[in-house]
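Please read the structure below before turning to the comments.
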Amino acid sequence: MKHSILTSLVVVGLGVQTAFCTLPPIWKKPISLEFEDGATDVLVAVALDAEVYRNLFGNIASLRVLNSRGRDVSFQLRLEPATRTQTLERSWRARNVDLDVSDEQFAVEIALKEYSAPPTKIEVRTPLKNFEQRVRVIGIGKDNERLLVDDVIFDYSQYMDVRRTIVTIPETSFRKFRLVIENPTSEQKSQLIQLTRELRGDEENSRLEHFVIERRPFRIDELWLIANEEKQAPTRLLVREWYIEVTQTSEDEMTGQTLIEFESDRQPLSEVTLRTSDRNFSRQIRLEFLAVRSGKVEWRQIQEGRIFDFQFGDYDSTNLTLKFPESQQGAYRLVIENRDSTPLLIEDLKAAGPCHQIVFLAEESEKYELHYGSQGQSSPDYDTAAIEMMLAEGVVPEVAELGPEIELSVAPLDRYWNTKQIINNPLLLFPLIGILVVFLGWSLYRASKKLNEVKESNQS
(Lines give C-alpha, C1' and ligand atoms only; values in the text may rest on other atoms or scores of the structure.)
Protein backbone atom coordinates (compact mmCIF):
# COMPACT_ATOMS: atom_id res chain seq x y z
CA MET A 1 0.00 0.00 0.00
CA LYS A 2 2.75 2.39 0.99
CA HIS A 3 4.73 1.39 -2.07
CA SER A 4 1.74 2.17 -4.32
CA ILE A 5 1.19 5.61 -2.77
CA LEU A 6 4.89 6.39 -3.17
CA THR A 7 4.75 5.30 -6.78
CA SER A 8 1.71 7.50 -7.35
CA LEU A 9 3.45 10.54 -5.86
CA VAL A 10 6.50 9.95 -8.03
CA VAL A 11 4.35 9.74 -11.15
CA VAL A 12 2.42 12.89 -10.17
CA GLY A 13 5.71 14.68 -9.54
CA LEU A 14 6.94 13.67 -12.96
CA GLY A 15 3.68 14.93 -14.44
CA VAL A 16 4.08 18.31 -12.71
CA GLN A 17 7.65 18.53 -13.92
CA THR A 18 6.51 17.65 -17.43
CA ALA A 19 3.78 20.29 -17.24
CA PHE A 20 6.31 22.94 -16.27
CA CYS A 21 8.75 21.82 -18.94
CA THR A 22 6.11 22.06 -21.65
CA LEU A 23 4.96 25.59 -20.78
CA PRO A 24 5.15 27.86 -23.85
CA PRO A 25 8.32 29.96 -23.90
CA ILE A 26 8.32 33.49 -22.56
CA TRP A 27 9.77 36.23 -24.73
CA LYS A 28 11.20 39.63 -23.97
CA LYS A 29 12.47 42.67 -25.84
CA PRO A 30 14.47 45.58 -24.43
CA ILE A 31 12.89 49.02 -24.86
CA SER A 32 15.31 51.64 -26.22
CA LEU A 33 14.75 55.12 -24.78
CA GLU A 34 16.49 58.45 -25.35
CA PHE A 35 15.98 61.24 -22.81
CA GLU A 36 16.45 64.92 -23.54
CA ASP A 37 18.93 66.83 -21.40
CA GLY A 38 17.41 67.66 -18.03
CA ALA A 39 14.44 65.33 -18.43
CA THR A 40 13.67 63.09 -15.44
CA ASP A 41 10.31 61.50 -16.27
CA VAL A 42 8.86 61.21 -19.74
CA LEU A 43 5.73 59.75 -21.28
CA VAL A 44 6.80 56.96 -23.65
CA ALA A 45 4.95 55.07 -26.38
CA VAL A 46 6.29 51.88 -27.93
CA ALA A 47 4.52 50.10 -30.80
CA LEU A 48 4.27 46.32 -30.99
CA ASP A 49 6.00 44.73 -33.97
CA ALA A 50 5.40 41.58 -36.00
CA GLU A 51 7.59 39.39 -33.77
CA VAL A 52 5.58 40.34 -30.69
CA TYR A 53 2.27 39.56 -32.39
CA ARG A 54 3.65 36.24 -33.67
CA ASN A 55 4.59 35.01 -30.19
CA LEU A 56 1.57 36.46 -28.40
CA PHE A 57 -0.63 33.78 -30.01
CA GLY A 58 -3.54 36.20 -29.70
CA ASN A 59 -3.09 36.49 -25.91
CA ILE A 60 -2.50 40.24 -25.66
CA ALA A 61 -3.21 40.02 -21.91
CA SER A 62 0.28 38.54 -21.42
CA LEU A 63 1.97 41.88 -22.18
CA ARG A 64 4.03 43.21 -19.28
CA VAL A 65 6.53 46.06 -18.94
CA LEU A 66 9.23 45.35 -16.34
CA ASN A 67 11.87 47.69 -14.96
CA SER A 68 15.46 46.79 -14.09
CA ARG A 69 14.31 45.43 -10.69
CA GLY A 70 11.85 43.06 -12.36
CA ARG A 71 8.80 44.95 -11.15
CA ASP A 72 5.68 45.66 -13.19
CA VAL A 73 5.32 49.14 -14.66
CA SER A 74 1.82 50.53 -15.14
CA PHE A 75 0.96 51.08 -18.78
CA GLN A 76 -2.00 51.83 -21.02
CA LEU A 77 -2.60 49.76 -24.14
CA ARG A 78 -4.09 51.70 -27.04
CA LEU A 79 -4.26 51.64 -30.82
CA GLU A 80 -1.57 53.84 -32.34
CA PRO A 81 -3.10 57.13 -33.55
CA ALA A 82 -2.16 59.08 -36.66
CA THR A 83 -1.28 62.66 -35.77
CA ARG A 84 -1.12 65.99 -37.54
CA THR A 85 0.60 69.21 -36.56
CA GLN A 86 -1.71 71.86 -35.15
CA THR A 87 -0.70 75.48 -34.58
CA LEU A 88 -2.36 76.78 -31.44
CA GLU A 89 -2.21 80.22 -29.84
CA ARG A 90 -1.08 80.38 -26.22
CA SER A 91 -1.45 83.61 -24.25
CA TRP A 92 -0.07 84.67 -20.90
CA ARG A 93 0.06 87.84 -18.82
CA ALA A 94 3.26 89.88 -18.99
CA ARG A 95 4.69 90.09 -15.47
CA ASN A 96 8.32 91.16 -15.73
CA VAL A 97 7.59 94.77 -16.77
CA ASP A 98 9.18 98.19 -16.17
CA LEU A 99 7.19 101.41 -16.66
CA ASP A 100 8.62 104.78 -17.78
CA VAL A 101 6.11 107.69 -18.01
CA SER A 102 6.54 111.22 -19.46
CA ASP A 103 4.24 113.88 -20.91
CA GLU A 104 5.03 112.86 -24.48
CA GLN A 105 4.87 109.07 -24.07
CA PHE A 106 5.05 106.18 -21.69
CA ALA A 107 7.01 103.01 -22.28
CA VAL A 108 6.63 99.51 -20.89
CA GLU A 109 9.57 97.11 -21.09
CA ILE A 110 8.75 93.41 -21.13
CA ALA A 111 11.34 90.67 -20.46
CA LEU A 112 10.51 87.08 -21.45
CA LYS A 113 11.11 84.21 -19.10
CA GLU A 114 13.68 81.61 -20.09
CA TYR A 115 11.16 78.99 -21.19
CA SER A 116 8.69 81.40 -22.88
CA ALA A 117 8.26 81.25 -26.64
CA PRO A 118 8.82 84.47 -28.65
CA PRO A 119 5.49 86.33 -28.89
CA THR A 120 3.78 86.89 -32.21
CA LYS A 121 1.27 89.41 -30.81
CA ILE A 122 0.85 91.81 -27.90
CA GLU A 123 -2.61 92.62 -26.59
CA VAL A 124 -3.21 95.91 -24.77
CA ARG A 125 -6.11 95.42 -22.40
CA THR A 126 -7.74 98.76 -21.50
CA PRO A 127 -11.18 99.68 -20.14
CA LEU A 128 -11.34 102.86 -22.26
CA LYS A 129 -13.70 103.48 -25.16
CA ASN A 130 -13.46 105.89 -28.07
CA PHE A 131 -9.72 106.28 -28.50
CA GLU A 132 -6.97 106.08 -31.07
CA GLN A 133 -3.37 105.59 -29.93
CA ARG A 134 -0.17 105.13 -31.85
CA VAL A 135 1.86 102.13 -30.60
CA ARG A 136 5.46 101.18 -31.32
CA VAL A 137 7.17 97.93 -30.32
CA ILE A 138 10.97 97.92 -30.17
CA GLY A 139 13.10 94.81 -29.80
CA ILE A 140 15.94 95.21 -27.29
CA GLY A 141 19.11 93.17 -27.63
CA LYS A 142 22.40 93.28 -25.73
CA ASP A 143 24.01 95.78 -28.08
CA ASN A 144 21.21 96.96 -30.34
CA GLU A 145 17.58 97.98 -30.60
CA ARG A 146 15.27 97.62 -33.58
CA LEU A 147 11.80 98.91 -34.38
CA LEU A 148 9.52 95.93 -34.94
CA VAL A 149 6.02 97.46 -35.03
CA ASP A 150 4.60 100.92 -35.74
CA ASP A 151 0.84 100.56 -35.56
CA VAL A 152 -2.38 102.01 -34.18
CA ILE A 153 -4.80 100.61 -31.62
CA PHE A 154 -8.29 102.07 -31.51
CA ASP A 155 -11.89 101.92 -30.34
CA TYR A 156 -14.58 103.66 -32.40
CA SER A 157 -17.57 102.66 -30.28
CA GLN A 158 -19.01 106.19 -30.65
CA TYR A 159 -19.61 105.50 -34.33
CA MET A 160 -19.76 101.69 -34.63
CA ASP A 161 -18.66 98.50 -32.88
CA VAL A 162 -15.07 98.50 -34.11
CA ARG A 163 -12.19 97.83 -31.73
CA ARG A 164 -8.60 96.62 -32.15
CA THR A 165 -6.16 96.38 -29.25
CA ILE A 166 -3.71 93.76 -30.59
CA VAL A 167 -0.51 94.49 -32.50
CA THR A 168 1.25 91.80 -34.52
CA ILE A 169 4.99 91.26 -34.09
CA PRO A 170 7.09 89.82 -36.94
CA GLU A 171 9.20 86.75 -36.27
CA THR A 172 12.16 87.75 -34.14
CA SER A 173 14.81 86.39 -31.78
CA PHE A 174 14.60 89.27 -29.29
CA ARG A 175 13.85 88.28 -25.68
CA LYS A 176 13.08 91.80 -24.45
CA PHE A 177 10.65 94.38 -25.85
CA ARG A 178 9.67 98.00 -25.26
CA LEU A 179 6.07 99.00 -25.98
CA VAL A 180 5.70 102.76 -26.47
CA ILE A 181 2.38 104.63 -26.31
CA GLU A 182 2.67 108.14 -27.77
CA ASN A 183 0.62 111.12 -26.44
CA PRO A 184 -0.71 109.13 -23.48
CA THR A 185 -3.03 111.99 -22.52
CA SER A 186 -5.71 112.72 -25.09
CA GLU A 187 -8.34 115.43 -25.34
CA GLN A 188 -11.91 114.27 -25.66
CA LYS A 189 -14.75 116.65 -26.46
CA SER A 190 -17.90 116.17 -24.43
CA GLN A 191 -20.99 114.98 -26.28
CA LEU A 192 -23.15 117.44 -24.27
CA ILE A 193 -23.22 121.01 -25.66
CA GLN A 194 -24.60 124.01 -23.76
CA LEU A 195 -26.41 126.34 -26.19
CA THR A 196 -27.08 130.03 -25.33
CA ARG A 197 -29.10 132.23 -27.70
CA GLU A 198 -29.72 136.01 -27.47
CA LEU A 199 -33.01 137.13 -29.00
CA ARG A 200 -34.22 140.64 -29.99
CA GLY A 201 -37.89 140.39 -30.63
CA ASP A 202 -38.46 137.41 -32.81
CA GLU A 203 -34.98 137.56 -34.28
CA GLU A 204 -31.90 135.69 -32.93
CA ASN A 205 -29.22 138.24 -32.23
CA SER A 206 -26.41 135.81 -31.20
CA ARG A 207 -25.73 132.19 -30.29
CA LEU A 208 -23.07 130.70 -27.99
CA GLU A 209 -22.17 127.02 -27.82
CA HIS A 210 -20.28 125.71 -24.80
CA PHE A 211 -18.70 122.24 -24.70
CA VAL A 212 -16.19 120.60 -22.33
CA ILE A 213 -12.77 119.30 -23.37
CA GLU A 214 -11.67 116.46 -21.09
CA ARG A 215 -7.99 115.61 -20.84
CA ARG A 216 -8.02 111.85 -20.34
CA PRO A 217 -4.89 109.75 -19.71
CA PHE A 218 -4.66 106.43 -21.56
CA ARG A 219 -4.91 103.56 -19.08
CA ILE A 220 -3.60 100.03 -19.50
CA ASP A 221 -4.94 97.33 -17.20
CA GLU A 222 -2.80 94.45 -18.47
CA LEU A 223 -0.46 93.45 -21.28
CA TRP A 224 -0.87 89.95 -22.66
CA LEU A 225 1.64 88.13 -24.86
CA ILE A 226 0.45 85.68 -27.51
CA ALA A 227 2.65 83.01 -29.10
CA ASN A 228 2.10 80.19 -31.58
CA GLU A 229 2.78 76.65 -30.43
CA GLU A 230 2.85 73.55 -32.61
CA LYS A 231 1.33 70.38 -31.16
CA GLN A 232 0.84 66.90 -32.53
CA ALA A 233 -2.87 66.15 -32.31
CA PRO A 234 -4.36 62.68 -32.93
CA THR A 235 -6.76 62.62 -35.86
CA ARG A 236 -7.58 58.95 -36.50
CA LEU A 237 -6.12 55.48 -36.06
CA LEU A 238 -2.89 54.84 -37.90
CA VAL A 239 -3.20 52.01 -40.42
CA ARG A 240 0.05 50.30 -41.37
CA GLU A 241 0.77 47.54 -43.85
CA TRP A 242 1.45 44.11 -42.33
CA TYR A 243 3.28 41.25 -44.00
CA ILE A 244 1.16 38.31 -45.09
CA GLU A 245 2.05 35.18 -47.06
CA VAL A 246 -0.26 33.89 -49.77
CA THR A 247 -0.11 30.10 -49.40
CA GLN A 248 -2.55 28.99 -52.11
CA THR A 249 -4.62 30.42 -54.96
CA SER A 250 -7.13 28.17 -56.70
CA GLU A 251 -10.17 28.29 -58.99
CA ASP A 252 -13.25 26.28 -58.11
CA GLU A 253 -14.98 25.67 -61.45
CA MET A 254 -17.99 24.04 -59.81
CA THR A 255 -18.88 27.09 -57.67
CA GLY A 256 -17.31 29.74 -59.93
CA GLN A 257 -15.10 31.04 -57.11
CA THR A 258 -11.51 32.18 -56.77
CA LEU A 259 -10.04 31.07 -53.43
CA ILE A 260 -6.99 32.90 -52.05
CA GLU A 261 -5.59 31.53 -48.79
CA PHE A 262 -3.03 33.52 -46.83
CA GLU A 263 -1.39 33.50 -43.40
CA SER A 264 -0.39 36.25 -40.99
CA ASP A 265 1.52 36.52 -37.72
CA ARG A 266 -1.74 37.38 -35.94
CA GLN A 267 -1.24 41.10 -36.39
CA PRO A 268 -4.42 43.19 -36.12
CA LEU A 269 -5.77 43.35 -39.68
CA SER A 270 -8.65 45.57 -40.77
CA GLU A 271 -8.42 45.67 -44.58
CA VAL A 272 -7.14 43.70 -47.57
CA THR A 273 -6.39 45.19 -50.99
CA LEU A 274 -6.16 43.34 -54.30
CA ARG A 275 -4.06 44.35 -57.29
CA THR A 276 -5.19 43.28 -60.75
CA SER A 277 -4.67 44.45 -64.32
CA ASP A 278 -8.30 43.64 -65.24
CA ARG A 279 -10.71 46.52 -65.87
CA ASN A 280 -14.46 47.08 -65.94
CA PHE A 281 -15.63 44.42 -63.51
CA SER A 282 -17.57 44.07 -60.28
CA ARG A 283 -17.25 41.08 -57.96
CA GLN A 284 -18.74 40.06 -54.63
CA ILE A 285 -15.99 38.99 -52.22
CA ARG A 286 -15.96 37.38 -48.78
CA LEU A 287 -13.21 37.14 -46.14
CA GLU A 288 -13.10 34.08 -43.87
CA PHE A 289 -10.80 32.79 -41.14
CA LEU A 290 -9.86 29.22 -40.22
CA ALA A 291 -11.47 28.17 -36.95
CA VAL A 292 -11.45 24.98 -34.89
CA ARG A 293 -14.80 24.20 -33.29
CA SER A 294 -15.68 21.01 -31.42
CA GLY A 295 -12.67 19.33 -32.96
CA LYS A 296 -13.70 20.32 -36.49
CA VAL A 297 -11.79 22.73 -38.74
CA GLU A 298 -14.01 25.12 -40.68
CA TRP A 299 -13.94 28.47 -42.46
CA ARG A 300 -16.01 31.15 -40.76
CA GLN A 301 -16.99 34.49 -42.33
CA ILE A 302 -15.58 37.82 -41.13
CA GLN A 303 -16.90 40.28 -43.73
CA GLU A 304 -18.31 40.45 -47.21
CA GLY A 305 -18.31 43.30 -49.70
CA ARG A 306 -17.77 44.23 -53.32
CA ILE A 307 -14.73 45.23 -55.36
CA PHE A 308 -14.96 46.99 -58.73
CA ASP A 309 -12.96 48.84 -61.35
CA PHE A 310 -14.76 50.91 -64.01
CA GLN A 311 -12.72 52.83 -66.57
CA PHE A 312 -14.17 54.10 -69.84
CA GLY A 313 -13.92 57.54 -71.38
CA ASP A 314 -13.57 60.16 -68.66
CA TYR A 315 -15.20 57.93 -66.07
CA ASP A 316 -12.86 56.32 -63.53
CA SER A 317 -14.11 54.60 -60.38
CA THR A 318 -12.14 51.94 -58.49
CA ASN A 319 -12.43 50.12 -55.16
CA LEU A 320 -10.22 47.08 -54.64
CA THR A 321 -10.17 47.17 -50.83
CA LEU A 322 -12.33 45.20 -48.40
CA LYS A 323 -12.54 46.70 -44.90
CA PHE A 324 -13.60 44.62 -41.92
CA PRO A 325 -13.59 44.69 -38.10
CA GLU A 326 -10.15 44.24 -36.55
CA SER A 327 -9.13 40.58 -36.63
CA GLN A 328 -6.07 38.72 -35.26
CA GLN A 329 -6.23 35.29 -36.84
CA GLY A 330 -3.46 33.11 -38.22
CA ALA A 331 -5.11 31.81 -41.42
CA TYR A 332 -7.51 33.57 -43.78
CA ARG A 333 -9.28 32.86 -47.04
CA LEU A 334 -10.56 35.42 -49.56
CA VAL A 335 -13.43 34.17 -51.72
CA ILE A 336 -14.14 36.00 -55.00
CA GLU A 337 -17.50 35.21 -56.62
CA ASN A 338 -16.92 35.03 -60.39
CA ARG A 339 -20.06 33.05 -61.25
CA ASP A 340 -19.82 32.43 -65.02
CA SER A 341 -17.41 35.32 -65.66
CA THR A 342 -13.74 34.84 -66.40
CA PRO A 343 -11.72 34.79 -63.14
CA LEU A 344 -9.75 37.92 -62.35
CA LEU A 345 -5.99 37.87 -62.74
CA ILE A 346 -4.87 38.62 -59.17
CA GLU A 347 -1.33 39.99 -59.22
CA ASP A 348 -0.88 40.83 -55.53
CA LEU A 349 -2.67 40.89 -52.18
CA LYS A 350 -1.80 43.26 -49.35
CA ALA A 351 -3.18 43.54 -45.82
CA ALA A 352 -3.16 46.45 -43.41
CA GLY A 353 -4.49 47.31 -39.99
CA PRO A 354 -3.92 49.23 -36.79
CA CYS A 355 -1.06 48.68 -34.36
CA HIS A 356 -1.17 48.45 -30.58
CA GLN A 357 0.90 50.89 -28.60
CA ILE A 358 2.04 50.63 -24.98
CA VAL A 359 2.16 54.01 -23.22
CA PHE A 360 3.91 54.36 -19.84
CA LEU A 361 5.84 56.82 -17.68
CA ALA A 362 9.58 56.17 -17.81
CA GLU A 363 12.32 57.31 -15.44
CA GLU A 364 15.68 58.43 -16.76
CA SER A 365 17.75 56.08 -14.58
CA GLU A 366 15.67 52.99 -15.38
CA LYS A 367 15.86 50.36 -18.09
CA TYR A 368 12.74 48.62 -19.33
CA GLU A 369 11.80 45.34 -21.02
CA LEU A 370 8.63 44.12 -22.69
CA HIS A 371 7.67 40.56 -21.68
CA TYR A 372 5.02 38.55 -23.53
CA GLY A 373 3.88 35.09 -24.56
CA SER A 374 2.84 33.59 -21.22
CA GLN A 375 -0.39 31.69 -21.87
CA GLY A 376 -3.34 31.84 -19.50
CA GLN A 377 -2.54 35.20 -17.92
CA SER A 378 -5.35 37.64 -17.27
CA SER A 379 -5.24 41.33 -18.24
CA PRO A 380 -3.52 43.52 -15.63
CA ASP A 381 -5.51 46.19 -13.81
CA TYR A 382 -3.12 49.14 -13.42
CA ASP A 383 -3.60 52.66 -12.12
CA THR A 384 -3.28 54.69 -15.34
CA ALA A 385 -4.92 57.94 -14.20
CA ALA A 386 -1.74 60.00 -14.68
CA ILE A 387 -1.21 58.60 -18.20
CA GLU A 388 -4.82 59.27 -19.19
CA MET A 389 -4.62 62.84 -17.87
CA MET A 390 -1.45 63.57 -19.87
CA LEU A 391 -2.92 62.17 -23.07
CA ALA A 392 -6.13 64.16 -22.52
CA GLU A 393 -4.05 67.34 -22.09
CA GLY A 394 -2.45 66.75 -25.49
CA VAL A 395 0.95 65.51 -24.28
CA VAL A 396 2.59 63.66 -27.18
CA PRO A 397 4.55 60.61 -25.95
CA GLU A 398 8.17 60.12 -26.94
CA VAL A 399 8.49 57.21 -29.37
CA ALA A 400 10.62 54.30 -28.15
CA GLU A 401 11.89 51.32 -30.12
CA LEU A 402 11.88 47.60 -29.34
CA GLY A 403 15.21 45.76 -29.43
CA PRO A 404 15.95 42.21 -30.60
CA GLU A 405 13.75 39.39 -29.35
CA ILE A 406 15.13 37.14 -26.59
CA GLU A 407 13.61 33.79 -25.61
CA LEU A 408 13.52 33.05 -21.89
CA SER A 409 14.36 29.33 -21.59
CA VAL A 410 12.99 29.14 -18.02
CA ALA A 411 9.92 31.11 -17.07
CA PRO A 412 10.25 32.85 -13.68
CA LEU A 413 7.76 30.90 -11.56
CA ASP A 414 6.97 33.74 -9.17
CA ARG A 415 5.71 35.81 -12.13
CA TYR A 416 4.29 33.25 -14.54
CA TRP A 417 2.89 30.63 -12.11
CA ASN A 418 -0.54 29.62 -13.35
CA THR A 419 -2.24 26.86 -11.36
CA LYS A 420 -5.16 26.52 -13.78
CA GLN A 421 -2.82 26.05 -16.72
CA ILE A 422 -0.78 23.38 -14.92
CA ILE A 423 -3.83 21.40 -13.74
CA ASN A 424 -5.40 21.49 -17.21
CA ASN A 425 -2.20 20.29 -18.86
CA PRO A 426 -3.07 16.90 -20.47
CA LEU A 427 0.45 15.56 -19.74
CA LEU A 428 -0.38 15.90 -16.06
CA LEU A 429 -4.15 15.34 -16.06
CA PHE A 430 -4.31 12.02 -17.96
CA PRO A 431 -1.58 10.22 -15.95
CA LEU A 432 -3.24 11.43 -12.75
CA ILE A 433 -6.60 10.01 -13.85
CA GLY A 434 -4.88 6.73 -14.74
CA ILE A 435 -3.26 6.55 -11.31
CA LEU A 436 -6.59 7.11 -9.59
CA VAL A 437 -8.29 4.40 -11.71
CA VAL A 438 -5.52 1.90 -10.94
CA PHE A 439 -5.57 2.80 -7.26
CA LEU A 440 -9.36 2.42 -7.11
CA GLY A 441 -9.22 -0.96 -8.90
CA TRP A 442 -6.47 -2.18 -6.60
CA SER A 443 -8.48 -1.07 -3.53
CA LEU A 444 -11.59 -2.94 -4.76
CA TYR A 445 -9.52 -6.04 -5.44
CA ARG A 446 -8.06 -5.93 -1.92
CA ALA A 447 -11.52 -5.41 -0.40
CA SER A 448 -13.06 -8.36 -2.28
CA LYS A 449 -10.14 -10.62 -1.35
CA LYS A 450 -10.52 -9.65 2.29
CA LEU A 451 -14.26 -10.39 2.13
CA ASN A 452 -13.65 -13.91 0.73
CA GLU A 453 -11.18 -14.68 3.52
CA VAL A 454 -13.78 -13.64 6.12
CA LYS A 455 -16.45 -15.91 4.54
CA GLU A 456 -14.08 -18.94 4.46
CA SER A 457 -13.14 -18.45 8.11
CA ASN A 458 -16.80 -18.31 9.15
CA GLN A 459 -17.64 -21.53 7.31
CA SER A 460 -14.79 -23.42 8.92
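The values are calculated or read from the model by the stated rules, or taken from the named source; none is laboratory data. Only a predicted model underlies this, so the values are computations on that prediction, with no experimental measurement involved. As a convention, Cβ positions derive from the backbone with ideal geometry for all residues, glycine included, and neighbour counts pool all protein chains shown.
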(request) Of the conditions (1) under 27 Å from the mean Cα position of the chain (by Cα); (2) among the β-branched types (Val, Ile, Thr); (3) more than 30 Å from Ser365 (Cα to Cα), Val101 clears all except one; give me its number. (result) (1)
(request) Six or more apart or on different chains, Cβ under 7 Å: which pairs go from a residue in the range 167-191 that's at pLDDT 90 or above to one that's among the aromatic types (Phe, Trp, Tyr) and loosely packed, with under 11 Cβ neighbours inside 10 Å? Could you list them? (result) none
(message) Can you find, within the range 250-269, the residue that is farthest from the chain's Cα centre (by Cα) among those that are surrounded by fewer than 18 Cβ atoms within 10 Å (Cβ to Cβ) and farther than 18 Å from Leu345 by Cβ?
(response) Met254
(request) Please go through the range 348-374 and pick out each residue that is polar (S, T, N, Q) and crowded, with 16+ Cβ neighbours inside 10 Å. (result) Gln357, Ser374
(message) List pairs: first residue in the range 253-267 and touching a residue at least 60 places away in the same chain (Cβ under 8 Å) and farther than 17 Å from Ile336 by Cα, second residue buried (at least 17 other Cβ atoms within 10 Å of the Cβ) and small (Gly, Ala, Ser) anywhere in the structure, Cβ distance under 7 angstrom, at least six positions apart or on different chains.
(response) Ser264/Ala351; Gln267/Gly353
(request) Could you check how many residues of the range 96-112 are loosely packed, with under 11 Cβ neighbours inside 10 Å and outside any strand (DSSP E or B)? (result) 3
(message) Can you pull out every residue in the range 56-91 that is among the small types (Gly, Ala, Ser) and either on the phi > 0 side of the Ramachandran plot or surrounded by 17 or more Cβ atoms within 10 Å (Cβ to Cβ) (or both)?
(response) Gly58, Ser62, Gly70
(message) I'm told Tyr382 meets every condition in (1) aromatic (Phe, Trp, Tyr); (2) in the same structural domain as Pro404 (by TED's automatic domain parsing); (3) assigned to a strand (DSSP E or B) except one. Can you identify the failing condition by its number?
(response) (3)
(message) Out of the strands (runs of 3 or more DSSP E) lying entirely within the range 257-361, which hold 2 or more residues that are outside the structural domain of Leu43 (by TED's automatic domain parsing) and among the aromatic types (Phe, Trp, Tyr)?
(response) 281-293, 296-312
(request) Considering only residues that are of a type outside the set (Asp, Glu) and over 18 Å from Lys28 (Cα atoms), look in the range 379-390 and name the one that is surrounded by the most Cβ atoms within 10 Å (Cβ to Cβ). (result) Ile387
(message) Here's a check for you: in the range 290-326, which residue that is in contact with a Pro (Cβ under 8 Å, 6 or more places away or on another chain) and not aliphatic (A, V, I, L, M) is modelled with the lowest pLDDT?
(response) Glu326
